[in-house]
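What follows draws every value from the coordinates through simple rules; no lab data is involved. All values reported here derive from a predicted model rather than from experimental measurement. Please note: Cβ atoms are built from the backbone with ideal geometry, for glycine as well, and neighbour counts cover all protein chains shown.
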């Protein structure tokens, strides 16, 4: 704001107090008393003018509608100016926060049992930026890597840390913002990933939790590494934020384009069940060096598990009384009984799952009987029993039985397949193995994992693809696979068109099959000799991904016997990854006849006895001549479909004949010599 009055006053000061250098000027120079009086008068006028201008400025500020301005900013950019504010007026140093972190590990230990060392490490990690004089407000406050087995308190400790630091006045929010990298498996998810990341970093939360990095597309891990190491992700495309969404700015002239994503002073916390040995391969060495703290949870001792069981039983009792009106009293040691439900494979996860079923069973009784509030006695000496006032009953028997319809349907479908007796027996044995392992887990014994990767070899038309489809549904039905989808691919789906394209393409296909079955038909085509670098790269990637996802992926390779034997030499790790090599035998003539009758029945046709006899002779001859070239099941299908077409021509001349009956003359089984 330009102030002419103030400028004039200042010029007057210098004009009135200037000392002349010439004799003539000396005659005009005022006395010291006059000069002092002039300065005092001018100073008084300056003070008065400044006071007046301050009053005008305050009046203008009061007239501003700051609330309306904030709303306009939020409307235009999708964020509130308050959202980017720090958790206090200023970042505090080590002396200011000394009391905040005092006793914090002990407070966290009240809910995170058996992890005293880990909690001390975590407190140090959160305190570090204040002690180290953190001075990068737009960078990450600290980069923390937390690892350890499932259900050892990693997430609970992090959530508790945010909550307690909010209660102690250091944090502005008590929540943890989460970014699940499993949501971004492909390169096509980049915009969604950047949008989610940007919004997470603009949230009120002081902590950004990044998990499941193993399931993310590698390109996004590189961007997260830049965020941690360089303090920013430089965007290849300009974006603008409107209504909470990142939109491509294109070539539009906009002053508010977003060219980078920054941590905004948040703690970047990476959580994984895997250790640090996998980090450099996923993020790069620079990222590992940028990690400020690595915190690992410990294996839970029996004493710690017992304490957790006590806490979980106490939570169950409280929930049962608040939600159902049941006051639980246990005649035995409820915590010890609950502890016995821990498995070697899933740790206390199986114990927590049992607690959930326990409450579901209590709720089921409430729903069925409408029982009034009151005491419920729990007995654990012979399993889990409850007495609601009318005698003991097995509590878990109240839960609805697992749905078996899908399993029975798949079994029926497999039974209808002609032949393949030994293959069916092998598939059904998988269910027996799974049941035994479940029983071992329930009794606290270590379960034996079984590699189920398979190779199907055999001639064309022997049912390899059909069985692969049934296997995926069957393993889903018995609970082995989490997804059960079948992803069918060939060489063209796995091998790229240029250098550097194959590995990402193969990885993307494999990730789409996680939880289900990846079926590679004519797998031998991936290996066309030692000079086929693209095919070898696809095989190498397949072997690596199978190892990384061995508990969540079933791979079935199919192909001709001779070609598949050569294919197994392409990679030294192939044979060890596929312990189950299943040979599909050629169909006999009798089996092909049964297949033909089944196909005809499915299309609404019957065959005369004479037609069946001729077909049997024909199939026996064809299989004896060359079963590989005959087509097996495809031969039966082709013969029936051709007979239906020939019958249609015959019925035009014989309209009185049965429409659903195929006669011997409808089957032109052998080529006739020329001239006949």
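Across the range 302-398, the mean sequence separation of Cα contacts (distance under 8 Å, 6 or more residues apart), normalised by length, yields a relative contact order of 29 percent.
Distance from the C-alpha centroid of the range 113-157 to that of the range 161-237: 16 Å, rounded to the whole angstrom. By the count of other C-beta atoms within 10 Å, a proxy for reagent exposure, 291, 378 are ordered fewest to most as 291, 378.
Based on Cα contacts under 8 Å between residues 6+ apart, the range 589-666 shows a relative contact order of 45 percent.
Ordering 501, 549 by the number of other Cβ atoms within 10 Å of each residue's own Cβ, fewest first, gives 501, 549. Tell me, how many Å apart are the Cα centres for the range 502-578 and for the range 317-337? Each part's Cα centre sits 52 Å from the other's. Neighbour counting of Cβ atoms within 10 Å sorts the residues 341, 178, fewest neighbours leading, into 178, 341.
From the alpha carbon centroid of the range 361-387 to that of the range 253-312 is 42 Å.
Working ranking of peptides 466-479, 141-154 by packing, defined as the average number of other Cβ atoms within 10 Å per residue, highest first, is 141-154, 466-479.
When each of the peptides 389-399, 112-122 is scored by the mean number of other C-beta atoms lying within 10 Å of its residues, the order from highest to lowest reads 112-122, 389-399. Gain on full extension, evaluated as 0.36 nm per residue between residue 276 and residue 421 minus their Cα-Cα distance, stands at 47.4 nm.
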